[in-house]
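Note sheet for the following structure.
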Amino acid sequence: MKLKIAVLAGDGIGPEVTAEAIKTLKAIGEVYNHTFTFEEAVVGAIAIDETGDPLPDSTLKLCLESDAVLFGAIGDPKYDNDPSAPVRPEQGLLKLRKSLGLFTNIRPIKAYPTLLDKSPLKRERIEGTDMSIYRELTGGIYFGEKHKSEDGSKASDLCEYSDFEIERIAHLAFKAARARKKKVTLVDKANVLETSRLWRKKVTTLAESYPDITLDFLFVDNAAMQMILNPSQFDVILTENMFGDIISDEGSVIGGSIGLLASASVGEENAMFEPIHGSFPQGKGKNIANPIASILSAAMLLEHFQLHEEALAINKAVEKSLELNIVTPDLDPNTKFGTDKVGSFIADFIVNADENINYNQENIDYGQSTII
Ligand code: IPM
Ligand code: MN
């Protein structure tokens with residue numbers, strides 16, 4: 001298969017982790033005979049510095065012309081504490097999602113057996129967790145009309161949803177559940193919000209076309225609690241934009257590190273793949289960022305193009321690196337491996353995949369990630 005991939009590495013650790021995802025995709029291309037081409041463009045704070053615009057037209061054009069977008073991270077502390085900044089890096093990401101029509105954001109959360117003790121949550125609570133959050137991404141309060149009074153003493157953000165916006169993501173969530181544990185949980189605040197009542201009504205009607213799927217409902221406050229009390233009860237969680245933003249960060253503690261969580265954002269015509277962690281500016285240039293979220297996002301890219309075997313090869317290589325403790329400091333403060341070595345191990349394992357290779361523990365301890 002030939003795929004043209006737009007690379008928007010962005011800010012902070014974005015470029016470092018994206019480089020490892022590219023390394024991994026190149027290994028897949030080599031082993032499975034695919035031609036992946038990569039073209040880079042700027043986005044976020046770096047794009048503001050260079051062009052004044054967090055999403056320059058040339059970047060958007062490249063994304064529209066490509067088969068998929070590999071996204072790193074955006075954000076820079078110089079904008080975080082300045083509410084009066086005229087342009088912000090995040091606007092670039094929001095505009096990109098909207099312009100590419102990426103209405104569904106898929107965020108899988110899994111408790112890896114080898115990492116059960118890295119989570120701040122008790123092993124017995126998180127064991128067996130395997131859920132996928134379907135977050136609506138181009139509507140709701142993020143994109144509703146915004147207002148600020150002249151004197152700056154009042155502000156409002158409108159939360160709006162149409163039945164069309166709800167139905168198109170709900171279909172994807174039901175279909176995903178069909179290939180999983182056959183359960184969809186709609187997370188909303190239907191006891192208070194009119195938009196949530198519309199979600200309930202539409203999703204309930206739609207569920208009739210999916211009789212094999214169990215649908216249940218949770219208010220978002222209760223869902224936030226259930227996510228850490230008993231996360232293995234969930235299969236597919238379907239929710240609106242802001243609730244999905246919040247509960248997916250919450251879910252990241254289950255896996256032991258936010259550095260492991262990948263995501264896919266899909267629409268009718270475009271698709272983008274990005275780690276859910278942010279730009280982690282304190283880690284920039286230190287070779288300590290966990291590249292796994294970005295690498296697993298590349299696996300979701302392959303999955304999107306029906307390259308199941310290839311996606312599985314990445315997942316297996318990632319699991320091997322976790323098993324052998326070839327990890328970055330977020331997972332092991334005493335590790336000898338950095339971002340690049342973890343990525344190289346994963347790429348090497350794809351090329352030389354052999355479950356029975358005898359890894360030389362001495363070399364692993366010494367910080368050599370290549371297979372010997
Ligand atoms: C995310 C991020 C973004 C969001 C920010 C950077 C605008 O937190 O992808 O979850 O809120 O959607
Ligand atoms: Mn977020």
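The values are calculated or read from the model by the stated rules, or taken from the named source; none is laboratory data. Keep in mind that what you see is a predicted model, and the values were worked out from it rather than measured. No Cβ is skipped: glycine too gets one built from the backbone with ideal geometry, and neighbour counts run over all protein chains shown. These accessible areas exclude ligands, DNA and RNA; they are computed on the full protein's heavy atoms, side chains included. Shrake-Rupley method; radii C 1.70, N 1.55, O 1.52, S 1.80 Å.
Here are some notes:
- As a summary of the residue check, K202 satisfies the conditions (1) open to solvent by 40 Å² or more (accessible area, probe 1.4 Å); (2) touching a residue at least 40 places away in the same chain (Cβ under 8 Å) except for the one numbered (2).
- When each of F243, F280 is tested for being out of contact with any Lys or Arg (no Cβ under 6 Å at 6 or more places or on another chain), open to solvent by 50 Å² or more (accessible area, probe 1.4 Å) and within 15 Å of ligand 2 (Cβ to nearest atom), the lone residue that passes is F280.
- Yes/no for K341 being open to solvent by 60 Å² or more (accessible area, probe 1.4 Å), modelled with pLDDT of 95 or more, within 19 Å of F273 (Cβ to Cβ) and basic (K, R): no
- Filter pass, E160 being more than 14 Å from ligand 1 (Cβ to nearest atom) and either assigned to a loop (DSSP other than H, G, I, E, B) or under 19 Å from V203 (Cα atoms) (or both): yes
- Flag if A289 is at pLDDT 95 or above, of a type in the set (G, A, S) and within 23 Å of L172 (Cβ to Cβ): no
- Those residues of segment 174-199 which are closer than 15 Å to E160 by Cα, part of a loop (DSSP other than H, G, I, E, B) and in contact (Cβ under 8 Å) with a residue 24 or more places away in the chain, in sequence order: K189, A190, L193
- For the criterion of being within 16 Å of ligand 2 (Cβ to nearest atom) and over 15 Å from the mean Cα position of the chain (by Cα), M272 fails.
- If the condition is being under 26 Å from T204 (Cβ atoms) and open to solvent by 30 Å² or more (accessible area, probe 1.4 Å), then segment 257-276 contributes only E268.
- Members of segment 116-145 found to be within 14 Å of ligand 1 (Cβ to nearest atom) and either of a type in the set (V, I, T) or open to solvent by 90 Å² or more (accessible area, probe 1.4 Å) (or both), listed by number: I133, T138, I141
- Within segment 23-40, if we keep just the residues that are out of contact with any strand residue (DSSP E or B) (no Cβ under 6 Å at 6 or more places or on another chain) and among the aliphatic types (A, V, I, L, M), the residue that is most open to solvent (accessible area, probe 1.4 Å) turns out to be V31.
- Subset tally (residues that are more than 10 Å from ligand 2 (Cβ to nearest atom) and open to solvent by 10 Å² or more (accessible area, probe 1.4 Å)) for segment 246-256: 3
- Meets criteria (surrounded by fewer than 18 Cβ atoms within 10 Å (Cβ to Cβ), basic (K, R), modelled with pLDDT under 95 and within 16 Å of ligand 1 (Cβ to nearest atom)) for K78: yes
- Considering (1) within 18 Å of L115 (Cβ to Cβ); (2) open to solvent by 10 Å² or more (accessible area, probe 1.4 Å); (3) within 16 Å of ligand 1 (Cβ to nearest atom); (4) in the same structural domain as K61 (by TED's automatic domain parsing), the lone condition that S294 does not fulfil carries the number (2).
- Residue in segment 216-233 that is within 27 Å of L116 (Cβ to Cβ) and within 15 Å of ligand 1 (Cβ to nearest atom) present: no
- Test: residue in segment 318-329 that is at pLDDT 95 or above and under 28 Å from N270 (Cβ atoms): yes
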